[in-house]
Amino acid sequence: MEYSYPFSTDWSTEEIVDVVQFFEGIEQAHEKGIKREVMMAKYRRFKEIVPSQAEEKTIFREFEEASGYISYPVVKQTKEAADGTMIKIVPKKNR
């Protein structure tokens with residue numbers, strides 16, 4: 001699947017790379033799972049770049065529209081899980 005990642009032109013190259021790595025973690029959580037500690041580190045770095053809750057929601061929405069992956073459940077599960085847990089989003093069954 002080809003799509004572009006959301007980013008701001010105000011970010012440095014390093015920040016863009018770090019945000020892309022965060023979204024790759026979101027993809028991994030949906031596809032095969034990611035260790036909680038790894039995802040939390042990616043999210044903490046993302047929040048250093050995007051501290052605003054409103055901007056976070058906008059970027060999450062842009063990413064979902066481009067990729068189909070929803071970020072919020074991954075972040076929620078990451079915050080609630082204990083260290084050593086695999087973060088994996090199980091798709092809801094079609095009814």
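The values are calculated or read from the model by the stated rules, or taken from the named source; none is laboratory data. In this text the structure is predicted, and so the values were computed from the model without any measurement. Note: ideal-geometry Cβ built from the backbone for every residue, glycine included; neighbour counts use all protein chains shown. Just so you know, the surface numbers come from the protein's heavy atoms only, side chains and all, with ligands and any DNA or RNA stripped out. Shrake-Rupley method; radii C 1.70, N 1.55, O 1.52, S 1.80 Å.
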Worksheet item: Given a 1.4 Å probe and every protein chain left where it sits, what share in percent of the accessible area of region 13-80 is carbon and sulfur?
Response: 49 percent
Worksheet entry | Sparse-neighbour loop sites [chymotrypsin sites (Phe, Trp or Tyr not before Pro); region 8-95; at most 14 other C-beta within 10 Å; DSSP] | Trp11
Worksheet, complete the sentence: Computed over region 13-80, protein heavy atoms only, probe 1.4 angstrom, the accessible area per residue in square angstrom equals 55 Å²
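Return a single number: how many Lys pairs in region 13-80, at a sequence separation of 8 or more or on separate chains, have alpha-carbon atoms below 15 angstrom apart.
Taking the Cα cut-off of 15 Å, the pair count is 8.
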Response to the item:
With +1 on the Cβ of every Lys and Arg and -1 on the Cβ of every Asp and Glu, the dipole magnitude of the chain about its Cα centre, in debye rounded to the nearest 20, is 720 debye
Worksheet item: Per residue of the chain, what 222 nm ellipticity follows from adding -39500 (n - 2.57) for every DSSP H run with n ≥ 4, rounded to the nearest 500?
Response: -19500 deg cm²/dmol
Discussion item. I need the phi-derived Karplus couplings for region 32-38: 6.51 cos²θ - 1.76 cosθ + 1.60, θ = phi - 60°, integer Hz, Gly and Pro marked x.
Written reply: 9, x, 8, 4, 4, 4, 5
Item to complete: Mind jotting down the distance between the C-alpha centroids of region 7-27 and region 58-95, whole Å?
Response: 17 Å
Practice prompt. Enumerate by residue number the trypsin sites (Lys or Arg not before Pro) in region 1-76 meeting two conditions: DSSP loop (anything except H, G, I, E, B), and at most 13 other Cβ atoms within 10 Å of the site's Cβ.
Written response: Lys32
Response to the item:
Ranking Ile59, Ile70 from most to least accessible area with a 1.4 Å probe gives Ile70, Ile59
Practice prompt. Grab the eigenvalues of the alpha-carbon gyration tensor for region 1-56, scale each by 5, take roots, and send me the semi-axes largest first in whole angstrom.
Written response: 19, 14, 10
